[in-house]
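Here's the structure we're looking at; comments come further down.
The values are calculated or read from the model by the stated rules, or taken from the named source; none is laboratory data. For clarity, every value in this text was computed on a predicted model and none was experimentally measured. Virtual Cβ from ideal backbone geometry, glycine too; neighbours counted across all protein chains shown.
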Amino acid sequence: MAAQPGEMRALVIGAGIAGIQAALDIANSGYDVVVVERLPSIGGHMAQLSETFPTLDCSQCILTPRTVEMGHHPHIRLYTYSDLIGLEGEAGHFRARIRRRPPYVHWDACTGCGVCTTKCPTRVPAEFEGGLGRRRAIYTLSPQAVPNKPVIDREHCRYFTQGKCRVCEQVCPVGAIDYEQGVSIAEETVGAVVLATGYQLMPLSRLPEYGGGAVPDVIDGLQFERLLSASGPTAGQVRRPSDGREPKTVVFVQCAGSRDPEHGVPYCSKICCMYTAKHALLYRHRVHDGRAIVFYIDIRSGGKGYEEFVQRAMEEEQVLYLRGKVSKVFREGDRVKVWGTDTLSGRNVEVAADLVVLASAAVPDPEQAELVRILGLEADANGFLNELEPNLAPVETGRPGIYMAGAALGPRDIPETVAQASAAAAKVLAQFARWRLLVAEPGHDLATDEH
């Protein structure tokens, strides 16, 4: 800790559920928080989910109140569509440099009416929908986006690529479109940092044995979440990406890239067994005459109500679990052939599926390596952050004043992520409390003091 009282403001990097929880905990204690998020809106992967395991609660019903609270909180300053590019100083006196990418829309003037996003003539695959849906060249990530302000995709906008169009500028009722916007740099002084950068799924292109992304009816878990979601590209109906037909046989492949030192990553991605059971169960709820088959190595369901949830999928929903590794997935006609081995019976298995859902390995966010360099932290061989001490200091880093939470340290589920985010926030608040003691006058009642 710095010898003198430090700046009692916090910086949170990443605005998924970990960053949201940490920021709200700190802000609700009366301290200012600066939040930096790379995407145009907050929510992270949780915003893409349909339901959460093991309760099957609506993900948006849980998340949206928190994103709205964060977006309107008087103690939170949001830098979305932004990146941290520098951090100097020490605990209590960090100087952060933040690069704000141009949205080509004056967000202060924009009312979020959505006229521009409906009139734009360009349609491209939507990243939020895993490429299964389409968006315009000017867009918001989702209907529940916070902030609900559009950005222009420069790579696909006709004005930037062809020098013509400007439809969004013509229809904007408040004149918020500005094609001349450039990158801006903001500087913030903070006393503590919470790193909550989250995870990504291993790209299908890195899994050649499962089609390598070239088979349209082989998708990953987040894409299947969007098919299940009422706000997704199919309004919650399970449809094959290739032809829009309802799949009658769906194969779920666990450990796709996980626990595979030769072709993928050596570690267990921890959440796959549970979300695969959820996917199979929800698929059976939507396609009552459908057949769900799960290939697994073994089932790891450590958590409150987790084992019971998996058993429910097996027994009540008649999901067929086959213990074995899938060796190859390929297209044959209008079906997807899955070759595997049932290791319990010792027999080879061939399934003609309509859709294959891969539980792809959870890997560090690609931007995390650069942040590790900027912040002067340490990462393990797989790119996840190293704790100061795994047992007794699980949210502290080797650099005083910088804490971490969530999947930046490794794969974990939502409850564990939220608990860890609150732990990181508690560390920050304890640090601020010590500094308040240093600046308090003798006999002053700290309970009524405003920082």
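Filtering 136, 154, 123 for residues that are surrounded by fewer than 16 Cβ atoms within 10 Å (Cβ to Cβ), free of Cβ contacts under 8 Å to residues at least 24 places away in the same chain, outside the structural domain of residue 79 (by TED's automatic domain parsing) and more than 19 Å from the chain's Cα centre (by Cα) leaves a single hit, 123. Here residue 128 meets the list (1) within 30 Å of residue 205 (Cβ to Cβ); (2) buried (at least 18 other Cβ atoms within 10 Å of the Cβ); (3) touching a strand residue (DSSP E or B) at 6+ places or on another chain (Cβ under 6 Å) almost entirely, failing just condition (3). Looking at the range 50-116, the strands (runs of 3 or more DSSP E) lying wholly inside it that each contain 1 or more residues that are in the same structural domain as residue 418 (by TED's automatic domain parsing) and of a type in the set (Gly, Ala, Ser) sit at 82-90, 93-100. Among the residues of the range 25-49, the one identified as free of Cβ contacts under 8 Å to residues at least 60 places away in the same chain and in a helix (DSSP H, G or I) is 27. The numbered conditions (1) under 21 Å from the mean Cα position of the chain (by Cα); (2) assigned to a strand (DSSP E or B) are all true for residue 227 except (2). Just one of the listed residues (264, 236, 340, 303) is surrounded by fewer than 18 Cβ atoms within 10 Å (Cβ to Cβ) and either without any contact (Cβ under 8 Å) to a residue 24 or more places away in the chain or closer than 29 Å to residue 382 by Cβ (or both), and it is 303.
Conditions (1) at positive phi; (2) over 22 Å from the mean Cα position of the chain (by Cα); (3) part of a loop (DSSP other than H, G, I, E, B), marked per residue:
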site: 231; (1), (2), (3): no, no, yes
site: 239; (1), (2), (3): no, yes, yes
site: 243; (1), (2), (3): no, yes, yes
site: 247; (1), (2), (3): no, yes, yes
site: 277; (1), (2), (3): no, no, no
site: 293; (1), (2), (3): no, yes, no
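Within the range 344-383, the set of residues being assigned to a strand (DSSP E or B), small (Gly, Ala, Ser) and buried (at least 21 other Cβ atoms within 10 Å of the Cβ) comprises 353, 359, 360, 362.
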